[in-house]
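Q: Quick one: structure below, then a few questions.
The values are calculated or read from the model by the stated rules, or taken from the named source; none is laboratory data. None of the values given here were measured: they were computed from a predicted structure. In this analysis, Cβ positions are derived from the backbone assuming ideal geometry, glycine residues included, and neighbour counts consider all displayed protein chains. Side chains are part of the model used for accessible areas, which takes the heavy atoms of the whole protein and leaves out ligands, DNA and RNA. Shrake-Rupley method; radii C 1.70, N 1.55, O 1.52, S 1.80 Å.
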Amino acid sequence: MQNKTQENYFLSQPHQPFFILGVFNAIVMVLLFALSYKGVLTLTLNTTILHVYSLTYLVFTNLFLGFLFTTFPRFNQTDAITKKAYLSIFFINTIGTLLFIIGLFTSISLVIATMSMLFISHILSLVQLQIIYNRGNATDKTDSRWILLSNYFGLIAHLFFIAGVWIDPLINAAILLSFYGYLIFLSLSVAQKMIPFFSHSLISKDENFMSLLFAGFMLKIMFLYLHIVPFEIILDIVIGSYILREILRWKLKPFESPSILWVLHLALFWLPIAFLLSAIISTAELFLETSFYFLNIHLLALSFLTTLLIGFGTRVTLGHSGQAPNADRFVTNLFWFIQVVVLGRVLFSLNIAFGWGLNFLFDISFTLWLILFVLWGARYVKVLLFGLKL
């Protein structure tokens, strides 16, 4: 009986299979990208598209789904998602991952077909979230609406990626919309709802906070797409300053919080800092006539998004396995290690911008990412697969 329970545990809650798939893809997809970038592998898909698409829809989307399929019903006060519904999506995503990898080595047609299959899975995921939202009895669904809206942007961007194979200008639109309108805005929507709650903050949030930021993010996408750098710089300063002011007003007290909570505070504070640094980076690129090689995007993706997902993922993994959501010394050090990953990517961009010739920094940068997810996965795989106590 115990063996049967252990065999079935992995699929018994939505976060478990999606977290495992997301972590697996975080390791494999970045490794394939890095080897392709270095010329070790010749793949059928453009290196940049591979990097952005795979991280967005094979890594972060699976991690998002594991979290949202678990928590979104609670946000909206309705029944949990059915096992049949989330498992069908998980199996499509798993098959899609395998076919995508095979296509990278064999046929661009298979890659495009797989992207189309993952797009259908994305539709099914959004249908489930919409059903949860529609059936929910929560009196205030404002935050849930922002979460849904960002998922719709992710779906549109997903379609743009597929169409971009034939219509090249759509690729840039897909990258910008998927990153700012989907990944970052969705993460912000969840963070601004959950982190003050976990922190027992009694300060009422500005009711216009998300609306103003949504407008700011849409302008950000437009300025980037049209390459209007001066306006983008001003907007980054405005967005960063506004977010920082609001976060400080919440009085979160990160220095008085346990590490399982302050890692979320750290991620949240990284968001305005990343926007303010983005203004500095764009200004430097303008006047120094150099490129910091997408450092703006990687600051947000690593310092805010990855820190947030590791923090939330750890909390959900422990809490839903019947264990206290606490971080021991190993996990606390892992939270700090994420910041080392950020530093590694910063150094690589500085190397490109100033021509240091230290190309080994690329190897260090992607290796640090791999180590992060290998360590996190190794730490929690037995919890996610079998529900074993740490």
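Q: Name every residue in the stretch 42-67 that is more than 17 Å from the chain's Cα centre (by Cα) and either under 29 Å from Leu318 (Cα atoms) or not in a helix (DSSP H, G or I) (or both), in order of residue number.
A: Thr42, Leu43, Thr44, Leu45, Asn46, listed by residue number.
Q: Out of everything in the stretch 45-61 that is open to solvent by 30 Å² or more (accessible area, probe 1.4 Å) and in contact with a helix residue (DSSP H, G or I) (Cβ under 6 Å, 6 or more places away or on another chain), what residue ends up being farthest from Met117 (Cα to Cα)?
A: Residue satisfying both the conditions and the ranking: Thr47.
Q: Right, here's the next one. Just checking: which of the helices (runs of 4 or more DSSP H) contained wholly in the stretch 159-228 hold 3 or more residues that are over 28 Å from Lys141 (Cα atoms)?
A: Because the criterion is at least 3 residues that are over 28 Å from Lys141 (Cα atoms), the helices (runs of 4 or more DSSP H) in the stretch 159-228 that meet it are 169-176, 209-226.
Q: Within the stretch 68-88, restricting attention to residues that are assigned to a helix (DSSP H, G or I) and open to solvent by 50 Å² or more (accessible area, probe 1.4 Å), which residue is farthest from Ile162 (Cα to Cα)?
A: Arg74
Q: Residues in the stretch 166-188: is at least one under 21 Å from the mean Cα position of the chain (by Cα), surrounded by fewer than 20 Cβ atoms within 10 Å (Cβ to Cβ), under 23 Å from Leu55 (Cα atoms) and touching a residue at least 60 places away in the same chain (Cβ under 8 Å)?
A: Yes, because at least one residue in the stretch 166-188 is under 21 Å from the mean Cα position of the chain (by Cα), surrounded by fewer than 20 Cβ atoms within 10 Å (Cβ to Cβ), under 23 Å from Leu55 (Cα atoms) and touching a residue at least 60 places away in the same chain (Cβ under 8 Å).
Q: For Phe292, indicate whether it is within 19 Å of the chain's Cα centre (by Cα) and surrounded by 14 or more Cβ atoms within 10 Å (Cβ to Cβ).
A: No; evaluated as a whole, the condition is false for this residue.
Q: Going through Phe91, Phe100, Phe105, Phe160 one at a time, which residue ends up being in contact (Cβ under 8 Å) with a residue 40 or more places away in the chain and either crowded, with 17+ Cβ neighbours inside 10 Å or within 25 Å of Gln13 (Cα to Cα) (or both)? Walk me through it before giving the result.
A: On the way: Phe91 fails: in contact (Cβ under 8 Å) with a residue 40 or more places away in the chain; Phe105 fails: either crowded, with 17+ Cβ neighbours inside 10 Å or within 25 Å of Gln13 (Cα to Cα) (or both); Phe160 fails: in contact (Cβ under 8 Å) with a residue 40 or more places away in the chain.
So the residue among Phe91, Phe100, Phe105, Phe160 that is in contact (Cβ under 8 Å) with a residue 40 or more places away in the chain and either crowded, with 17+ Cβ neighbours inside 10 Å or within 25 Å of Gln13 (Cα to Cα) (or both) is Phe100.
Q: While we're here: Can you name the residue in the stretch 191-221 that is of a type in the set (D, E, K, R) and open to solvent by 60 Å² or more (accessible area, probe 1.4 Å) and is also nearest to Trp146 (Cα to Cα) among such residues?
A: Glu207
Q: Mind checking which pairs have a first residue in the stretch 26-49 that is under 20 Å from Ala301 (Cα atoms) and a second that is acidic (Asp, Glu), Cβ under 8 Å, 6 or more apart or different chains?
A: Between residues of the stretch 26-49 that are under 20 Å from Ala301 (Cα atoms) and residues that are acidic (Asp, Glu), the close pairs are Ala34/Asp363.
Q: Then there is this: I need the full set of residues from the stretch 118-145 which are part of a helix (DSSP H, G or I), open to solvent by 40 Å² or more (accessible area, probe 1.4 Å) and in contact (Cβ under 8 Å) with a residue 60 or more places away in the chain, in order please.
A: Answer for the stretch 118-145, where residues must be part of a helix (DSSP H, G or I), open to solvent by 40 Å² or more (accessible area, probe 1.4 Å) and in contact (Cβ under 8 Å) with a residue 60 or more places away in the chain: just Thr142.
Q: For the structure I just gave you, tell me whether Asn62 is of a type in the set (S, T, N, Q) and touching a Phe, Trp or Tyr at 6+ places or on another chain (Cβ under 6 Å).
A: yes
Q: Now for a separate question. With the condition being more than 26 Å from Leu65 (Cα to Cα), I'd like the helices (runs of 4 or more DSSP H) fully within the stretch 278-379 carrying at least 3 qualifying residues.
A: Per the criteria, 329-354.
Q: Which residue, of Ser150, Ser187, Ser257, Ser199, is hydroxyl-bearing (Ser, Thr, Tyr), in contact with a Ser or Thr (Cβ under 8 Å, 6 or more places away or on another chain) and modelled with pLDDT of 95 or more?
A: Ser150
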